[in-house]
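Contents: one structure, followed by commentary.
The values are calculated or read from the model by the stated rules, or taken from the named source; none is laboratory data. As the structure is a prediction and not an experimental result, all values here were calculated from the model. Please note: Cβ atoms are built from the backbone with ideal geometry, for glycine as well, and neighbour counts cover all protein chains shown. Ligands, DNA and RNA are stripped out before the accessible areas are found, and what is left, the full protein with its side chains, is counted by its heavy atoms. Shrake-Rupley method; radii C 1.70, N 1.55, O 1.52, S 1.80 Å.
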Amino acid sequence: MKIRDILAKGEPTLSFEVFPPKTEDKYEPVEQAALEIAGLKPAFMSVTYGAGGGTSRYTVEIAAMLQAQGVTPLAHLTCVSSAREKVTSVLGELKARGIENVLALRGDIPADGQVEKDYHYASELIAEIQKSGDFCIGAACYPEGHVESENKLQDIHYLKEKVEAGCDFVTTQMFFDNNILYNYLYRIREAGVTVPVVAGIMPVTNKAQIKRICAMSGTYLPSRFKAIVDRFGDNPAAMKQAGIAYATEQIIDLIANGVNGIHVYSMNKPDVAARIRESLSEILS
Ligand code: FAD
């Protein structure tokens, strides 16, 4: 099923993300985690694409496995390290496996600066996918602005280019203050971006994870959230419980305010996904 049709129903949806293994010996545990999360019957599940594209076959395999389980898969695809030939080949594999949804991304510029020259931005990849078949195409958006962008206005301008190139919906980078999303939604709607926006929520379950996240994406941490990390960061079980509760509260507030698409960065953790799903059992039914 196409994700644009799922979102068009206008009902609250919960979806989860998994990431593929880097090596063959890690494939089975990842597959098992994905299967367990699929058992929660999410609206769809996304499978990320490893930086560099060397593990693209795992992305396709896990997406195909989810499809076989009756869960709509969303396969990510990045272009910064992939030549046109590689993109064409991955799209061909997805098509052959009946996978209808692709999240089209540029990917992060590698530390050594080595990039392929066929695509410079996600909008070019989106245009290519649009030409190459009947895919539903998603893209990324950044409520706090992408780290490389000069300012938020410019970033929204480029987001609009992605939509004009053919993207059907966008998923946000994680955020920990819902007001940032509400403000962003106002700004992008004003700018004429009308596609559905799926809110990306990251349940932070350990202290190291939050340090990494902030270093990578510059995400703003509200003082309410910092207090949780300060108080519980050195107690893993308490941090996990508090992180899940914080994410759940964010989700409830979003749904209450009319943001229906919720995507949880579940990081291959079925227990975290299950606890969030359980806490929303009446809200999503
Ligand atoms: P783009 O939309 O191309 O934007 C990149 C930068 O270029 C931005 O600063 C933008 O403002 C600017 N820009 C865009 N168009 C132009 C233009 N025409 N001229 C000048 N500047 C321009 N990474 C992975 O490796 N694998 C994944 O599976 C993955 N999944 C993700 C899922 C989500 C929901 C999100 C939010 C991010 C994900 N990422 C993933 C990370 C992503 O690849 C990085 O954030 C990357 O740096 C930007 O990708 P993009 O598709 O947003 O790029």
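Using the heavy atoms of the protein chains and a 1.4 angstrom probe, tell me the accessible area per residue for the chain in square angstrom. It amounts to 47 Å² per residue over the chain.
Classify segment 74-172: rounded, prolate or oblate, from the alpha-carbon gyration tensor (a ≥ b ≥ c, eigenvalue square roots; a/c under 1.5 rounded; otherwise prolate if a/b is larger than b/c)?
Details: a/c = 2.09, a/b = 1.32, b/c = 1.58.
The shape class here is oblate.
Each residue of segment 79-89 was assigned a 3J(HN,Hα) from its phi angle through the Karplus expression (A = 6.51, B = -1.76, C = 1.60, θ = phi - 60°), giving 10, 4, 10, 10, 6, 4, 4, 5, 4, 4, 5 Hz with x at Gly and Pro. Farthest toward the positive end of the dipole of the chain, out of TYR184, SER123, TYR27, is the Cα of TYR184, where the dipole comes from beta carbon charges about the Cα centre.
Taking every alpha-carbon pair under 8 Å whose residues sit at least 6 apart, segment 175-285 reaches a relative contact order of 36 percent. Take the Kirkwood radius over Cα pairs of the chain, plug it into Stokes-Einstein at 10 °C and 1.306 mPa s, and you get 83 µm²/s for translational diffusion. Across segment 9-23, computed HN-Hα scalar couplings (Karplus, 6.51 cos²θ - 1.76 cosθ + 1.60, θ = phi - 60°) run 5, x, 9, x, 10, 10, 10, 10, 10, 10, 10, x, x, 8, 9 Hz from first to last residue, x flagging Gly and Pro.
3J(HN,Hα) couplings calculated from phi for segment 217-230 with the Karplus curve 6.51 cos²θ - 1.76 cosθ + 1.60 (θ = phi - 60°) are, in sequence order, 10, x, 5, 6, 10, x, 4, 4, 6, 4, 4, 5, 5, 4 Hz; Gly and Pro show x.
What you get for segment 10-147, charging only the Cβ of Lys and Arg (+1) and of Asp and Glu (-1), is a dipole of about 220 debye around the Cα centre. Pairs with C-alpha atoms separated by more than 30 Å, drawn from the list LYS226/LYS269; LYS2/LYS162; LYS95/LYS117; LYS95/LYS240; LYS86/LYS211; LYS9/LYS162, are LYS95/LYS240; LYS86/LYS211.
Within the shell of other residues whose beta carbon sits under 10 angstrom from the beta carbon of ILE3, the net charge comes to -1, with Lys and Arg scored +1 and Asp and Glu -1.
Stretched out straight at 0.36 nm per residue, the stretch from GLU85 to GLN114 would grow longer than its current Cα-Cα span by 8.7 nm. Here each label is just a point 7 Å from Cα along the line to Cβ, and for GLU161 and MET216 those points are 2.5 nm apart. Show which aspartates and glutamates lie in cross-link reach of LYS41 when reach means a straight Cα distance below 20 angstrom and same-chain residues fewer than eight apart are skipped. Cross-link targets: ASP5, GLU11, GLU17, GLU31, GLU61, GLU100, ASP271, GLU278, GLU282.
By accessible area, using a 1.4 Å probe on protein heavy atoms only, the chain has 51% of its surface on carbon and sulfur.
Comparing PHE44, GLN69, TYR58 along the charge dipole axis of segment 1-90, the residue lying farthest to the positive side is PHE44, per the Cβ-charge model.
Using alpha-carbon pairs under 8 Å, 6+ residues apart, how would you state the relative contact order of the chain in percent?
About 20 percent, as a whole number.
Compared with the direct C-alpha span, the chain from GLU148 to ALA245 gains 31.8 nm at full extension, assuming 0.36 nm per residue. If only the Cβ of Lys and Arg carry +1 and only the Cβ of Asp and Glu carry -1, the dipole of segment 12-279 around its Cα centre is close to 460 debye.
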